[in-house]
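Q: One structure follows; several queries about it will come next.
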Amino acid sequence: MEIKITRTSKPLPKPDSSKLGFGKIFTDHMCICEYSTAEGWHNARIEPFRNLSLSPASMVFHYGQEMFEGLKAYRTDDGRILLFRPDKNVERMNNTNARLCIPYLDPDFTLNAIKATVKIDADWVPSEPGTSLYIRPFIIATDPFLGVHPSHTYMFIIILSPSGSYYAAGLNPVKIAVESEYVRAVKGGTGFAKVGGNYAGSLIGQQKAEEQGYAQVLWLDGIQHKYIDEVGAMNVFFKINGEVITPSLEGSILPGVTRRSVIELLRDKGFTVSERRISIDEVYQASENGTLEEMFGTGTAAVISPVGELVWNDKHIIINNSEIGPVSDMLYKQLTGIQWGKIEDKYGWTVKVI
Ligand code: COI
């Protein structure tokens with residue numbers, strides 16, 4: 001499908017890239033494409049960033065038929081702009097679409113749309129160390145209808161946001177609260193998919209954690225409240241007695257692109273990596289007997305985020321003296337080195353936009 005381009009006549013001033021934060025500033029353009037049962041996906045265009053005009057009866061407002069993705073564009077020192085494994089996001093988009101009864105999007109079209117949108121706003125890709133252009137593709141159900149049924153019309157939109165660190169702490173270890181009351185997802189639900197509803201249901205846990213001075217929530221499995229799932233904005237890894245462990249994908253966890261890349265990087269470097277169930281009690285016991293070496297989160301927005309402290313009911317688990325550990329440090333350098341084109345990409349993970 002061809003993408004029609006209308007450039008803005010009023011480009012905005014670029015922000016100071018040392019003060020970006022995450023997800024607060026948007027670029028000059030956006031990509032929009034519509035779907036109807038009769039026409040399929042059609043009318044793809046890039047146009048000036050603007051507010052949407054939608055019926056208040058649009059289904060997305062009532063039943064949350066919505067999906068999103070998150071990936072980044074990176075500026076290299078020699079002036080290229082790279083995406084990191086965008087094929088994985090595009091593939092995951094269609095897995096989410098299938099779960100939410102949203103129509104399939106042609107992967108080649110989706111990747112082209114992402115590249116074309118980044119290209120138009122290439123000047124917005126920041127160059128300050130640690131910054132990137134966060135890309136947020138999403139789909140909303142637009143039928144003006146209050147019956148509970150999959151919509152017949154949708155909008156697929158891509159917006160871009162120059163961003164710095166997701167956490168105010170940057171690469172400093174974050175403090176995380178283990179949630180024992182509320183749950184995020186169960187097998188058979190939508191935990192493996194990237195849907196807004198997963199995040200809406202997690203806000204109460206997030207609010208509780210923040211009130212206690214913690215940055216994020218560590219979610220336990222929805223049935224036994226025993227096994228570790230994920231943090232919501234990131235997947236998690238533990239290093240216990242030399243073994244690197246991350247929860248296995250059993251339907252309630254997001255299959256993160258950074259998670260997959262970290263597993264591949266670690267195995268390539270000779271680490272033993274297990275994708276298996278790990279209980280919060282195993283983590284606590286490891287901390288008690290001195291074998292809990294490191295914990296870190298992985299995500300597109302969060303990159304590699306060392307965890308310095310977990311609070312689980314009345315138990316405080318301090319990890320690696322609340323300092324960044326050697327594995328987290330090595331992974332951050334390797335991953336961002338590949339993403340920013342500083343380290344040779346022997347895995348073929350980066351895709352050039354310019
Ligand atoms: C991402 O890492 O891209 C995410 O989508 C997490 C987020 C909710 C900020």
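Q: Please name whichever of 81, 274, 322 sits farthest to the positive end of the charge dipole of the chain, dipole taken about the Cα centre and charges placed at Cβ: Lys and Arg +1, Asp and Glu -1.
A: 81
Q: Can you work out the accessible area per residue across the chain, with the rest of the protein chains kept in place, probe 1.4 Å, in square angstrom?
A: 44 Å²
Q: Using amide H atoms built 1.01 Å from N in the peptide plane, name the residues 5+ places from residue 27, or on other chains, whose amide H lies under 5 Å from its own.
A: 160
Q: Could you state the angle between the C-alpha long axis of helix 107-120 and the longest principal axis of the C-alpha atoms of the chain, as a value from 0 to 90 degrees rounded to the nearest 10?
A: 80 degrees
Q: Over all directions, average the projected area of the Cα convex hull of the chain and note it in nm².
A: In nm², the orientation-averaged hull projection of the chain is 18.0.
Q: Rolling a 1.4 angstrom probe over the protein chains, ignoring ligands and nucleic acids, what is the accessible area of residue 344 in square angstrom, nearest 10?
A: Accessible area, nearest 10 Å²: 150 Å².
Q: Could I ask something else about it? Looking at the P(r) of the range 174-339, how many percent of alpha-carbon pairs lie beyond 27 Å?
A: Value for the range 174-339 (Cα pairs over 27 Å): 17 percent.
Q: Considering only C-alpha atoms, what is the centroid distance from the range 278-316 to the range 57-74, in Å?
A: A separation of 31 Å, based on Cα centres.
Q: Quick one: among 271, 156, 138, which has the greatest mean-square fluctuation in a GNM of the chain with alpha-carbon springs under 10 angstrom?
A: 271
Q: Find the centroid of the Cα atoms in the range 79-147 and in the range 321-337, then give the distance between the two in whole Å.
A: What the calculation gives is 28 Å, centre to centre.
Q: Mind ordering 293-299, 203-209 by average Cβ neighbours within 10 Å, highest first?
A: 293-299, 203-209
Q: Projecting each Cα onto the charge dipole of the chain (Lys/Arg +1, Asp/Glu -1 at the beta carbon, about the Cα centre), which of 255, 227, 284 comes out farthest on the positive side?
A: 255
Q: Moving on. Calculate the dipole size of the chain relative to its Cα centre from +1 charges on Lys and Arg beta carbons and -1 charges on Asp and Glu beta carbons; express the result in debye to the nearest 20.
A: 760 debye
Q: Now for a separate question. For the chain, what relative contact order do you get, as a whole percent, if you take Cα pairs closer than 8 Å and at least 6 residues apart?
A: That works out to 19 percent.
Q: Taking the Cα atoms of the range 169-237, report the difference between the largest and smallest coordinate on each principal axis, in whole Å and largest first.
A: On the principal axes, the range 169-237 reaches 35, 23, 22 Å in Cα extent.
Q: Under the Kirkwood approximation applied to all pairs of distinct alpha-carbon atoms, what is the hydrodynamic radius of the range 4-164 in Å?
A: It works out to 16.5 Å.
Q: Enumerate the calculated ³J(HN,Hα) couplings along the range 180-188 in order (Karplus 6.51 cos²θ - 1.76 cosθ + 1.60, θ = phi - 60°), each rounded to whole Hz, writing x wherever the residue is Gly or Pro.
A: After applying 6.51 cos²θ - 1.76 cosθ + 1.60, I find 9, 9, 8, 10, 9, 7, 10, 4, x Hz.
Q: Which cross-chain or sequence-distant (5 or more) residues have an amide H under 5 Å from the amide H of residue 226, H modelled 1.01 Å from N in plane?
A: Residues meeting the amide H criterion: 221.
Q: For the range 257-354, give the percent of accessible area contributed by carbon and sulfur heavy atoms, probe 1.4 Å, rounded to a whole number.
A: 45 percent
Q: Which value, to two decimals, describes the C-alpha radius of gyration of the range 90-242 once divided by 2.2 N^0.38 Å?
A: 1.23
Q: For a test of understanding, tell me how many lysine pairs in the range 93-242 have Cα atoms under 19 Å apart, given they are 8 or more places apart or on different chains.
A: Within the range 93-242, the lysine pair count is 4.
The values are calculated or read from the model by the stated rules, or taken from the named source; none is laboratory data. Quick caveat, the model's predicted, so the values are computed rather than measured. FYI the Cβ positions are ideal-geometry reconstructions off the backbone, even for glycines, and counts take in every protein chain you see. Areas reflect the complete protein model, heavy atoms only, side chains present, ligands, DNA and RNA absent. Shrake-Rupley method; radii C 1.70, N 1.55, O 1.52, S 1.80 Å.
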